[in-house]
Amino acid sequence: MQHRGVHYDTGTTFRGPGYAISTRRADLDTSVVRRELAIIRDDLHANAVRIVGSDVERMTAVTAVALGLGLEVWFSPAFFEYSPEQTAARMVDAAKAATPLSEAHPGRVIFVAGSELMLFMKGLVPGKSVTERLECLKGDPSQLGNGGLDEYLADLVLRVRAVFDGSLSYASLVFEQVDWAPFDYVGVDHYREARTKDRYVERLEPFLSFGKPVIVTEFGMRTYRGAASSGALGFGVTDTTRLWLHTRPVIGGFFRPRLKGKFQRDEAMQARELVETLNELEGSGVAGALLSTFATPEAYTDDDPRYDLDMDSMSLVKSLPDGRHGTTYPDMPWEPKESFAVVAHHFATQ
């Protein structure tokens, strides 16, 4: 694979019912960003980052750092629960902001014009929330072929190309039916777990048939025993009600975030599943893979498994609570998991 990378979340804002937390990165220290991106390049041996976020100013600042370090950037604005027109307008503004960086670094900024829009944008599928839309698609699969997504993306690409002259992609769900003609890269968010393990590479074959480079724009594994067969890859196991209450003014301190059940930490399983997935992808014919995710800063680990939110994270590093720093990187507020080492070894030896 030519493009080997990891997600770097600059702070993603979730809106509407079904989302528990407003931002995943309250603080963004430029010195920490630079250090983390250098670690991604030098120690994880990645050559690309998928920079994700809802604040375009933050995204462009992080992108500038990443490009300065020689990394390729997949610029991925994340706008949840807006109308199609509101989403498009925000995407165009984000593309405008990314243009000077793309012009200064030709060929190294790829704009990802949306992600899993049939679930995360209003209007294409009936439903007031992501869960309602998913249930609608399960109940009526014909919604997938109604042409609404293709029409929307065709118009969006025209508007983005009017302000951005770099390469474009879209991060699709495996089951979304996308006309890839307007895009430079075929992008698919593709997770491997017990139900899909035997057909994981096979399900990529339709995407390879378009004759364009295919990027697995998102894949990963959570860090609790049984995650590979839980069926909860998309939604996780955090008690979202308590997490939402924790973010509320005044009362937030009374609601400590916790997991919704009893779970056991299993870093070895996460590491094993990730390297097996990478090995399969290396032989699949895809041009690249972008792993979710490097860090989840506000999902802190804890000795009490009830409160070890990092078990619900796909990150390669575990965030430390109470201002603690790690031992491997004493200047960083996290410690690498077992998965960090195996992914680094894979990237370094390919």
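Miscellaneous remarks
- Residues of the range 290-349 that are in contact with a Ser or Thr (Cβ under 8 Å, 6 or more places away or on another chain), among the aliphatic types (A, V, I, L, M) and more than 16 Å from T238 (Cβ to Cβ): L290, A295, L316, L320.
- Against the conditions (1) free of Cβ contacts under 8 Å to residues at least 40 places away in the same chain; (2) surrounded by 20 or more Cβ atoms within 10 Å (Cβ to Cβ), T296 satisfies every one except (1).
- All told, S315 meets the bar of being part of a loop (DSSP other than H, G, I, E, B) and crowded, with 16+ Cβ neighbours inside 10 Å.
- Hits in the range 217-233 (condition: under 14 Å from S313 (Cβ atoms) and in a loop (DSSP other than H, G, I, E, B)): G220, M221, R222, T223, A232, L233
- Cβ-Cβ distances below 6 Å connect the following pairs, each with a first residue in the range 318-338 that is farther than 22 Å from P305 by Cβ, a second residue that is part of a loop (DSSP other than H, G, I, E, B), and a separation of six or more residues or different chains: H325/P333; M332/G326.
- Residue match in the range 318-340 (condition: buried (at least 20 other Cβ atoms within 10 Å of the Cβ), of a type in the set (D, E, K, R) and not in a loop (DSSP other than H, G, I, E, B)): yes
- Per-region count, the range 1-43, residues β-branched (V, I, T), within 15 Å of T247 (Cβ to Cβ) and modelled with pLDDT of 75 or more: 2
- Flag for F80 being among the hydrophobic types (A, V, I, L, M, F, W, C) and in contact with a strand residue (DSSP E or B) (Cβ under 6 Å, 6 or more places away or on another chain): no
- Under the condition of being surrounded by 14 or more Cβ atoms within 10 Å (Cβ to Cβ), in contact with a Ser or Thr (Cβ under 6 Å, 6 or more places away or on another chain) and at pLDDT below 95, the residues counted in the range 193-237 number 0.
- Pairs, first under 18 Å from P213 (Cα atoms) in the range 153-177, second part of a loop (DSSP other than H, G, I, E, B) and among the aliphatic types (A, V, I, L, M), C-beta under 9 Å, six or more apart: Y170/V178; S172/V178
- Condition check for V174: touching a Leu at 6+ places or on another chain (Cβ under 9 Å) and not acidic (D, E): yes
- So S76, is it modelled with pLDDT under 95, on the phi < 0 side of the Ramachandran plot and either among the small types (G, A, S) or part of a strand (DSSP E or B) (or both): no
- Answer from G107, G148, G114 - the residue that is surrounded by 17 or more Cβ atoms within 10 Å (Cβ to Cβ), touching a residue at least 24 places away in the same chain (Cβ under 8 Å) and of a type outside the set (D, E): G114
- Matching entry among A78, A26, A97, A48 (being out of contact with any Gly (no Cβ under 8 Å at 6 or more places or on another chain) and of a type outside the set (S, T, Y)): A97
- Within the range 238-277, the set of residues being assigned to a helix (DSSP H, G or I), surrounded by fewer than 20 Cβ atoms within 10 Å (Cβ to Cβ) and modelled with pLDDT of 90 or more comprises E267, A268, R272, V275, E276.
- Remark: pairs (first residue in the range 261-288, closer than 19 Å to H45 by Cβ; second residue basic (K, R) and not in a loop (DSSP other than H, G, I, E, B); Cβ separation under 8 Å; 6+ apart in sequence or on different chains) = G288/R4.
The values are calculated or read from the model by the stated rules, or taken from the named source; none is laboratory data. Keep in mind the model is a prediction, meaning the values are calculated, not measured. Here Cβ is always computed from backbone atoms with ideal geometry, including for glycine, and neighbour counts include all displayed protein chains.
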